[in-house]
Amino acid sequence: MNNFKRYTVTTALPYANGPLHIGHLAGVYIPADIYVRYLRSIGTDVVFIGGSDEHGVPITIKARKEGVTPQDIVDRYHNIIKKSFAEFGISFDVYSRTSNEIHKETASEFFLKLYNDGKLIEDTEEQYYDEEAKQFLADRYITGTCPICGNPKAYGDQCESCGTSLNARDLIEPKSTISGSAPILRETKHWYLPLDRYEDWLKEWILNEHKEWKVNVYGQCKSWLDAGLHPRAVTRDLDWGVKVPLKDANGKVLYVWFDAPIGYISATKELTNDWEKYWKDKDTRLIHFIGKDNIVFHCIIFPTMLKAEGSYILPDNVPAFEFLNLEGDKISTSRNWAVWLHEYLVDFPDKQDVLRYVLTANAPETKDNDFTWKDFQTKNNSELVAIFGNFINRTLVLTQKYFDGFVPPRNKFEEIDISTLEELKCIPTRIENSLDNFKFRESLSEMMSLARLGNKYLTETEPWKTFKDNPERVQTVLNIALQICANLAVVSAPFLPFTSEKIFRMLNLPSMKWFKAGNTDLLEPEHKLGEPVLLFEKIEDKDIEYQINRLEQIKTANDKESEEIKVSPQKETICFDDFVKIDIRTGKILEAEKVPKANKLLKLKIDTGIDIRTVVSGIAEFYNPEEIIGQNVSILVNLAPRNLRGIESEGMILMAENSEGKLCFVSPIEDFNPGSEIK
């Protein structure tokens, strides 16, 4: 452990425009929670800070699409996210939100400190402006053709087809997603953080003083610094966010990348009046848990903000993780390709620790990794059930059977007893070393090695075979096995907190701190144990097949949606004089029946407002006669009559046809009287 008096541990703030998925958990929240639970168990003063990031363009876009306010969106998803974290056992000391007043005040004060100290620069630049909507456009409100791959739906900041980061002015034929019009360039004033002025300091601080950072983190920082840094805007033209606290900044808010990390500070203020010791005391260690897409913000930009402000400590480590894929494909919220936490908690109640275990075992620590439902099942059935749970259950059931649930005494040791106890003493130290170095997969494996040690010990000593002839030997064996159980309860607590609590209850012990780990006398002879229960249960094939089938349905829907929509080419141009000859009216279907020996035709009686007339229409494949009586339609009334199957058809109803050939009525939304003209 490092020689710090206290720790401040933060996790990337999830965007409050959707629920949590397993990628979030594996890459940020589970490792952070393991680390914090470990720190608490060794008696460390630590605060664990989380919260929802509630500003930014994606939230305003979602609100616009749904016809609600941004506040409606963030209220909905903040509550979903917070509830999911609580049920899953992520043990935040505070889970705040950036729409809180305390955050707005903190972010404003931070900005003003930089502004008043002359640490920001002011500049005017040209940005895209929508003249119809009368507003400047954020990058995500601009689409156009990607200059790299030709994707016609690239955004102003990135092409999601080829993955290239873009500037809105790179787009070919840009247009506003708000009005659909072509935006113009207009000057606007903003304030910038001059990152280039801190480049030398950053190189010394990161490249020389923090060579211990993970390879992926150090490498990405070096790449940014080698390329050279430039001033970065801290404000933008939007109406949703923390208002820029300057008189001449109407219609401007703090850029979300600037205001979001300040949320760590405001959340700590919300937690305790003694917040400064966690942010301004040199004896405090600041750790950021994030995904790799946030490395530049937490290793270069936020530290520069803190350095410029002058009174805050800097992050000591940023153990960023890579990405988790799902069944071989990149997790995508827009394609619904994800395992959502709130749905998992419904489908697998009381199996929080199973998911914690699987995602830690597959943690994308240094490279992207993959989650599959089959592997989830295998790790549960072959490891948690067959190894961990089996050892605990066998030990307690045998103790119940042979000694009425009382801890037996230890008698004469044999060589296997001595070697097992020596190994028991070593395992907690190995777990500590792995956790101290943010190697969570390795630490989990060491924890499981303790369960494997217990199983191996029982298998080799075979107490069920020796009890009849040598009960004293069985007393020693089960005492040692129970000491392993108690140690498992201690060392599993950071990884499997719900399971650890169950073991402590079965052992009739209070929860213990980490310093008890490796102790071979956690259970005294004659201590009465609780009733044994199964810690884990097998996950059946049908449960996994259901999840796989659900993903297959999502994949099929995505594939279908991504197929190029076939649109008929425009017909030859007509002049206005030809158009005005067309007489289209609203009408109402009064009667409908099938035309004999014609699978596609229906005979309709339609009230056109002018008269009641007969129309033969080829819609029988899509509509039953009885379900369309009373349907409002649009009808071309001045079409020359045609004889169809011996029936004179006096007009044509208008239908829309999609790329699959399906038809639907083109009818007025409101209930217009028959005969109303459509112009």
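The values are calculated or read from the model by the stated rules, or taken from the named source; none is laboratory data. It should be emphasised that the depicted structure is a prediction, and the values quoted were computed from it without experimental measurement. With ideal geometry, Cβ positions are generated from the backbone for all residues, glycine too; neighbour counts draw on all protein chains shown. Areas reflect the complete protein model, heavy atoms only, side chains present, ligands, DNA and RNA absent. Shrake-Rupley method; radii C 1.70, N 1.55, O 1.52, S 1.80 Å.
List of remarks:
- Normalised convex hull volume, the range 425-557, alpha-carbon set, Å³ per residue: 158 Å³
- Hydrodynamic radius of the range 396-463 per Kirkwood, over alpha carbon pairs, in Å: 13.8 Å
- Nearby lysines by direct alpha-carbon distance to K374 (threshold 21 angstrom, same-chain neighbours under 8 apart not counted): K330, K351, K538, K542, K555
- Solvent-accessible surface of the chain, taken per residue with a 1.4 Å probe and all protein chains present: 48 Å².
- FRET efficiency for V346 and E545, using Cβ-Cβ distance with R0 set to 25 Å, rounded to 0.05: 0.90
- Hydrodynamic radius by Kirkwood, which averages 1/r over all alpha carbon pairs of the range 1-61, in angstrom: 13.2 Å
- Over the range 252-361: Rg over Rh, Cα atoms, Kirkwood Rh: 1.05
- Rounded FRET efficiency, nearest 0.05, which uses the C-beta distance separating D93 from T466 and R0 of 56 Å: 0.65
- Over 21 Å (Cα to Cα) - which of K119/K307; K412/K502; K113/K269; K367/K425; K5/K83 fall in this group: K412/K502; K367/K425; K5/K83
- Compared with the direct C-alpha span, the chain from E526 to H230 gains 99.6 nm at full extension, assuming 0.36 nm per residue.
- Taking label positions 7 Å along the Cα-Cβ direction at both K330 and N208, the computed distance is 3.8 nm, reported to one decimal.
- Angle in degrees between helix 415-436 and the longest Cα principal axis of the chain, rounded to the nearest 10: 40 degrees
- Per-residue ³J(HN,Hα) for the range 538-552, Karplus 6.51 cos²θ - 1.76 cosθ + 1.60, θ = phi - 60°, Hz, x for Gly and Pro: 5, 9, 7, 4, 5, 5, 6, 4, 4, 5, 5, 5, 5, 5, 4
- Separation of alpha-carbon centers, the range 197-219 and the range 464-498, rounded to whole Å: 48 Å
- Cα pair distances exceeding 16 angstrom across the range 297-405, given as percent: 73 percent
- 3J(HN,Hα) along the range 93-110, derived from phi through the Karplus expression 6.51 cos²θ - 1.76 cosθ + 1.60 where θ = phi - 60°, amounts to 6, 8, 10, 9, 7, 7, 8, 5, 4, 5, 6, 4, 5, 5, 5, 5, 4, 5 Hz, with x in place of Gly and Pro.
- Between S91, I102, N79, the Cα set farthest toward the positive side of the dipole of the range 24-110 (charges on each charged residue's Cβ, about the Cα centre) is that of N79.
- Surface share of carbon and sulfur [accessible, 1.4 angstrom probe, percent] for the range 333-432: 51 percent
- Across the alpha-carbon atoms of the chain, the computed radius of gyration and Dmax are 33.3, 110 angstrom.
- Label-point gap, in nm, between D293 and D375 - each point 7 angstrom along Cα→Cβ: 2.0 nm
- Fraction of accessible area attributable to carbon and sulfur, the range 1-107 (%, probe 1.4 Å): 48 percent
- Cβ-Cβ distance of E552 and K597, R₀ of 35 Å, FRET efficiency by 1/(1 + (r/R0)^6): the value works out to about 0.25.
- Extreme residue, positive dipole direction of the chain, given options I416, M512, W191 (C-beta unit charges): I416
- Here the extension length gained between R452 and R64 equals 134.2 nm, from 0.36 nm per residue of separation less the Cα-Cα distance.
- Centre-to-centre separation between the Cα atoms of the range 42-102 and those of the range 629-671: 51 Å.
- Cysteines in the chain lacking a second Cys C-beta under 4.7 Å: C221, C299, C426, C485, C575, C664
- Ordering of 649-657, 97-105 by packing [mean C-beta count within 10 Å, highest first]: 97-105, 649-657
- Computed extension length for E657-I102: 194.4 nm, one decimal, from 0.36 nm per residue of separation with the Cα-Cα distance subtracted.
- Value of [θ]222 nm, deg cm²/dmol, for the chain, DSSP H segments ≥ 4, -39500 (n - 2.57) each, nearest 500: -11000 deg cm²/dmol
- Listed by chain and number, the lysines whose C-alpha is less than 23 Å from the C-alpha of K581, apart from same-chain residues fewer than 8 away, are K571, K679.
- Taking all protein chains together and a 1.4 Å probe, the residues W373, W464 rank W464, W373 from largest to smallest accessible area.
- Tally of Lys pairs whose C-alpha atoms are under 28 Å apart, taken over the range 125-206, 8 or more apart or cross-chain: 5
- For the range 61-116, the calculated P(r), taken from all Cα-Cα distances in 5 Å bins from zero up to the bin holding the longest distance, is 4, 16, 17, 16, 17, 16, 11, 3, 1 percent.
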